[in-house]
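Before any comments, here is the structure.
The values are calculated or read from the model by the stated rules, or taken from the named source; none is laboratory data. Since the model is a prediction, treat every value here as computed from it, not as a measurement. So basically every Cβ, Gly included, is an ideal-geometry build from the backbone, and we count neighbours across all protein chains shown.
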Number of protein chains: 2
Amino acid sequence: MKRNRIAEIEELINKRGKLSLKKLSESFPHVSQMTLRRDLLALEKDGKLIRVRGGAMSVQDVQKASNVPYTKKTATHTNEKIQIAQKTARLIDEGTSLYLDAGTTALYLAKEMPDLRYNVFTNGLAVATELAKKNNVSVNLLGGVLIKENLSTASSLASIYFTDSNFEVAVLSAAAFTPESGFSCSTQMEADLCKLICRKAKSVYMMLDSSKIGKIKPYTFARLDDINVLITDSAFPEELKAQLKEQNVVLL
Amino acid sequence: MKRNRIAEIEELINKRGKLSLKKLSESFPHVSQMTLRRDLLALEKDGKLIRVRGGAMSVQDVQKASNVPYTKKTATHTNEKIQIAQKTARLIDEGTSLYLDAGTTALYLAKEMPDLRYNVFTNGLAVATELAKKNNVSVNLLGGVLIKENLSTASSLASIYFTDSNFEVAVLSAAAFTPESGFSCSTQMEADLCKLICRKAKSVYMMLDSSKIGKIKPYTFARLDDINVLITDSAFPEELKAQLKEQNVVLL
DNA sequence: TGAAAATTTGTCCATTTTTCACAGCTGTTT
DNA sequence: AAACAGCTGTGAAAAATGGACAAATTTTCA
């Protein structure tokens with residue numbers, strides 16, 4: 001019982017990089033924080049992780065990514081995003097050529113993806129770095145101007161760049177969604193890129209945590225009839241489900 | 001004042017592995033704990049250490065305990081490389097448009113560069129990530145296939161990509177150098193890219209730590225008459241200096 | 001099997017550490 | 001000299017931690 005839990009914690013921490021005690025507590029609701037604390041202590045003694053204020057971080061992670069700041073960025077809706085990423089990971093077959101955007105949900109997806117022969121195009125540095133850890137995944141990074149806020153690239157040459165590149169699946173995420181304005185984001189460059197991606201891909205999977213619903217950002221890049229699958233969390237509002245069905249969008 | 005203290009703290013922590021705030025306070029009796037705390041915070045943001053309850057621990061130390069390939073590579077001849085990077089940083093004026101390669105020396109250079117209005121092209125993810133921390137530097141990342149060994153990109157489209165991009169200075173580094181075979185590297189793609197860069201740049205600065213001298217790798221990408229400045233460390237052999245002069249290469 | 005022993009776990013709480021907000025201080029620029 | 005930005009110190013509030021002990025569970029062994 002204890003052994004199992006400790007093994008699970010170790011696995012979890014290596015997957016996520018770092019974990020707050022709070023998140024850990026959510027993953028193991030049937031035991032007390034004190035117990036989890038003691039587990040972390042044991043794992044630390046084994047050199048498997050480093051305890052930091054509020055939780056712990058993976059030693060593996062520290063060893064691999066030497067120049068990334070370890071400051072805990074208070075990420076929002078982490079659990080929902082991970083849940084969505086896990087669902088999405090299951091949809092992607094080995095051998096698929098796919099496009100992944102630069103968002104945090106995409107990063108979680110990159111972490112959740114098994115080490116199989118995928119071909120991934122992306123414009124996200126973090127996504128690329130994460131995928132570089134996997135031996136069988138081949139990664140292709142879109143070049144261009146570096147956007148510092150989210151470490152992604154954008155380029156007016158994207159269409160040239162993609163002329164001879166093909167992908168079956170595009171996995172995107174949006175900063176905002178309403179049925180009327182569709183999926184929108186903050187910058188025009190981003191929107192242009194997403195539009196291009198949507199045109200190139202055979203199917204478009206949209207990852208959307210429910211906190212984005214009802215929001216609008218300046219640039220719409222896709223509407224419901226542009227996408228094939230919508231992956232979301234359990235808080236997705238019932239009244240939208242009918243609309244999805246009408247547009248032949250699969251909801252997961 | 002602050003800079004000095006932070007540098008000292010970094011050194012101290014790398015020496016001791018970990019440090020409690022109490023010990024740290026003893027080493028710096030003239031400043032308050034709060035200030036030291038803020039210093040640790042700044043160092044954490046730079047990825048130099050990890051704050052743990054009661055103090056901080058060295059990232060170097062954590063990495064040393066591993067046998068991950070990356071880590072090993074970054075660890076060789078660190079001091080020489082930093083020395084070279086510092087020299088190079090001084091050569092680059094504000095407003096310059098430059099190309100930086102993906103090597104570890106380039107990464108050190110990126111760290112050493114002041115936060116001024118530079119325009120940097122690079123194919124190294126670590127270099128790009130590092131430069132993203134600086135507000136005034138604009139970064140342009142070359143796209144292409146991700147090479148996992150050193151987190152760089154390579155692309156047959158590079159020449160197209162660069163048609164409308166211009167840089168005065170190319171800062172390169174080589175894996176090997178002999179006077180006969182010139183500067184060489186391990187892969188053809190890398191060599192092709194470097195050749196292209198050398199043609200596009202008005203001046204080529206080569207960073208070469210002396211451990212590379214006398215070695216040969218399969219693909220030569222430049223010879224002495226292709227470069228303008230050679231930045232190296234103090235162990236550079238005397239007998240080569242004459243040859244450099246002959247080819248009008250400035251030695252620093 | 002059953003009871004004692006050992007291990008694991010939960011709760012309470014004192015202690016330590018951290019963060020926050022604000023005010024004072026420093027040195028620099030105009 | 002005044003205005004300014006950046007650094008530093010202070011004290012109180014908040015958060016996290018670890019210890020002690022009792023309760024629950026598992027293991028051991030007769």
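The figures follow:
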item: Check on B:Thr178, touching a residue at least 12 places away in the same chain (Cβ under 8 Å), out of contact with any helix residue (DSSP H, G or I) (no Cβ under 8 Å at 6 or more places or on another chain), within 29 Å of A:Val137 (Cα to Cα) and more than 8 Å from chain A (Cβ to nearest Cβ); result: no
item: Selected residue (criterion: farthest from the chain's Cα centre (by Cα)) from residues of segment A:28-66 that are of a type in the set (Ser, Thr, Tyr) and at pLDDT below 85; result: A:Ser66
item: Looking only at segment B:36-50, and only at residues there that are near DNA strand C (Cβ under 10 Å from one of its atoms) and surrounded by fewer than 20 Cβ atoms within 10 Å (Cβ to Cβ), the one that is nearest to the other protein chains (Cβ to nearest Cβ); result: B:Glu44
item: All positions within segment A:2-35 that are under 12 Å from A:Gly54 (Cα atoms) and either hydrophobic (A, V, I, L, M, F, W, C) or outside any helix (DSSP H, G or I) (or both); result: A:Lys18, A:Leu19, A:Ser20, A:Leu21, A:Leu24
item: Only one of A:Ser173, A:Ser155 that is farther than 26 Å from A:Glu94 by Cβ and either more than 10 Å from chain B (Cβ to nearest Cβ) or buried (at least 17 other Cβ atoms within 10 Å of the Cβ) (or both); result: A:Ser155
item: Sole residue being more than 10 Å from every other protein chain (Cβ to nearest Cβ), within 26 Å of B:Asn150 (Cα to Cα) and not small (Gly, Ala, Ser), chosen from A:Asp164, A:Asp115; result: A:Asp115
item: Matching residues, segment B:99-122, being crowded, with 22+ Cβ neighbours inside 10 Å and in a strand (DSSP E or B); result: B:Tyr99, B:Leu100, B:Val120, B:Phe121, B:Thr122
item: Of all residues in segment B:35-64 being touching a residue at least 40 places away in the same chain (Cβ under 8 Å) and touching a Gly at 6+ places or on another chain (Cβ under 9 Å), the one that is nearest to B:Glu130 (Cα to Cα); result: B:Gln60
item: Selection from segment B:139-148 of residues that are at the interface with chain A (Cβ under 8 Å from one of its Cβ atoms) and not in a loop (DSSP other than H, G, I, E, B); result: B:Val139, B:Asn140, B:Leu141, B:Gly144, B:Val145, B:Leu146
item: Every residue from segment A:1-34 that is within 10 Å of DNA strand D (Cβ to nearest atom), touching a residue at least 24 places away in the same chain (Cβ under 8 Å) and farther than 30 Å from A:Val127 by Cβ; result: A:Lys2
item: Filter result (of a type in the set (Ser, Thr, Tyr) and either in contact (Cβ under 8 Å) with a residue 60 or more places away in the chain or part of a helix (DSSP H, G or I) (or both)) within segment B:203-215; result: B:Tyr205, B:Ser210, B:Ser211
item: Of all residues making up segment B:15-35, the number that are surrounded by 12 or more Cβ atoms within 10 Å (Cβ to Cβ) and either within 13 Å of DNA strand C (Cβ to nearest atom) or within 14 Å of chain A (Cβ to nearest Cβ) (or both); result: 11
item: Test for B:Leu151: is it at positive phi and touching a residue at least 24 places away in the same chain (Cβ under 8 Å); result: yes
item: Among (1) part of a loop (DSSP other than H, G, I, E, B); (2) more than 20 Å from A:Leu224 (Cα to Cα) - the single one A:Ser159 does not satisfy; result: (1)
item: Tally, over segment B:123-138, of residues that are surrounded by 24 or more Cβ atoms within 10 Å (Cβ to Cβ), of a type outside the set (Asp, Glu) and facing another protein chain (nearest Cβ under 7 Å); result: 4
item: Residue check, A:Glu190 without any contact (Cβ under 8 Å) to a residue 12 or more places away in the chain and either in a loop (DSSP other than H, G, I, E, B) or of a type in the set (Asp, Glu) (or both); result: no
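Yes/no matrix, rows are residues, columns are (1) under 21 Å from the mean Cα position of the chain (by Cα); (2) modelled with pLDDT under 95; (3) assigned to a loop (DSSP other than H, G, I, E, B):
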{"site": "A:Asn150", "(1), (2), (3)": "yes, yes, yes"}
{"site": "A:Ser165", "(1), (2), (3)": "no, yes, yes"}
{"site": "A:Ile197", "(1), (2), (3)": "yes, yes, no"}
{"site": "A:Lys217", "(1), (2), (3)": "yes, yes, yes"}
{"site": "A:Asp233", "(1), (2), (3)": "yes, yes, yes"}
{"site": "A:Leu244", "(1), (2), (3)": "no, yes, no"}
